[in-house]
Structures are given as structure tokens and as C-alpha cells.
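Read the figures in this text as sums done on the coordinates, not as results from a lab. The structure displayed is predicted, hence computed values, not measured ones. As a convention, Cβ positions derive from the backbone with ideal geometry for all residues, glycine included, and neighbour counts pool all protein chains shown.
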Amino acid sequence: MRVSVVQMNAGADKMANIDQARALIEAAVAADRPGIVSLPEVWSCMGGDRDGKFRQAEELPPPGSNLPGGEAYEFLRKTARDNQIFIHGGSIGEKGGDRLFNTTLVFNPNGTEIARYRKIHLFDISTPDGLVFGESRTYAPGNDIVTYEAEGLKVGCAICYDVRFPELFLKLRQAGADLIFLPAAFTLQTGKDHWETLIRARAIETQCWFAAPAMYGPHKEANGETRTTYGHSMLVDPWGHVVAKVSDGTGWATARIDLDLTQRIRRDMPVMTQRKLV
């Protein structure tokens, strides 16, 4: 299975973001013929204010119902079906009451939704350069560990800030994950110091492949402030090697998921059977 991670520079205009995502996915499919293509976190609406995020968010149909959804939902469904690929849809805003959910949607090549994951760990921090982030003001946390099957691969779901909480990834490995997706919009300040280090650590700990599509570059907040995301979308093998990475700017990277390599690493260093603390 070949996997592509797409790197975007999204803004607060959902339809413009859909057009950008479509062009990048079509280019990746034409060049590399992946079986799975993934988008970054909050690719359908980046920046703006709380009210704008609510306007761009979508009511999602019941999982497996095949009922119509909003513009981003239907774009993901159609893209999977038209290209006969799995689409791991990064994340979009899901309407859920007085707060949204930061939600991953996954579609199979028939255009059927096969997984839905709501981000568990919310980004409420102050960075060293003084920026304050309060994701929980707009989003509510999810609770469920989510995996799905894709042509013999067991795939686990996580989003961005989740990467700092290794117990989630241990649970995904215990659930049978071979590959874990980590769509993200890491800040420049935290990304330059922690992004690759954390992904490689989680890959080594779990002995899983990691696919991390990321948001790149500047976007505008509602108050006119410019904030910058780090990019550096990458694919990492279960030994912790970065096997593909996107350069600065928008684009994509592709790598082949080698399950024989996974089996050798897990056989020769059987950490899951040697664990003393659970």
C-alpha cells in the first residue's frame, strides 16, 4: 500500500480550501498512484473567528447511513469514489451543540464512510513566544479510540496535539494498528522543536508506521494577527526513520507501507510482550 500525505496552506474560506485540496490530491494520485491519501488537520477552515468556524462546520450524517453531508464531507466522499482510493480526511469542524468537534472522516474507494474520530486532546497552551491557544473554547473533546481496515492494514486515528500523549498510541497499537495517521496544524514555534521528535518517538514506541500530513505557512486570525504553521509533513517507519517528507510550501509526499519490515522489527524487539506496566 502506498500512502500520500498532503500539505496545505488553508485559510478561512472553505470552498477555496476544497479547491486547493482537490488540486493537490489529483496531483498526488497522478504522480504516485497511492492507495490512501490524507489531508491535514482543520483543512476546511483555518483561522478566522469562532463564529466563522461554526459557519464553516458541518452537520455530519449518521455513520454508514449514506445520507448526504456538507460540502467538505461530500468532497471527501466523491474524491475517494472517483479516484478509487481511501481518503483519510484530515479533520474538519463537526457541529455538536455549543462547541464543535475536531473530526477525522475516512472514506473507502466506494465512497462509504468507514471511520470517524474526534480529537481527544485539545490544544490549550501558551507557547514560548507568548502566543495563547485555547482550542477548548471552540471544540469539545472526543472519547473514542478509532481504527479501521484498509486492504489488510489496520489503521489508527489521532490528530495533532494527541501526539504528546503516548498512552493513546499504545492503545492504538494494542488495538492492532500497523499505520497511524496524525493530521496536524502544528505551530511554527512548537513544530520546529518538537514535531519530528515526537512523531519518531511514537513510531519507535509503537513499532507502527506514521503518516503525518500537516498545515504549512501563514493564516489570519479574526483580529488580523498572522499565525504560522510548521508544515514538514512526513512518513516515518516503525524504526523511527523519516522515509518521506514535504519541503516548505504546499505539496505531498508518498511512501510504501512495508509490513514485512514491521513484522521483522516487532519480532526482533518484542516490546509489546515485554511490557511490565499497563
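Checking every residue in region 229-237 against the condition of being under 20 Å from LEU131 (Cα atoms), of a type in the set (S, T, N, Q) and surrounded by fewer than 24 Cβ atoms within 10 Å (Cβ to Cβ) gives zero matches.
Kindly provide the set of residues from region 111-140 that are closer than 22 Å to ASP98 by Cα and over 16 Å from the mean Cα position of the chain (by Cα), ordered by number. Scanning region 111-140 gives ASP124, ILE125, VAL132, PHE133, GLY134, GLU135, SER136, ARG137, THR138, TYR139, ALA140. Listed by position, the strands (runs of 3 or more DSSP E) inside region 145-260 whose residues that are more than 17 Å from the chain's Cα centre (by Cα) and touching a residue at least 60 places away in the same chain (Cβ under 8 Å) number at least 2 are 216-220.
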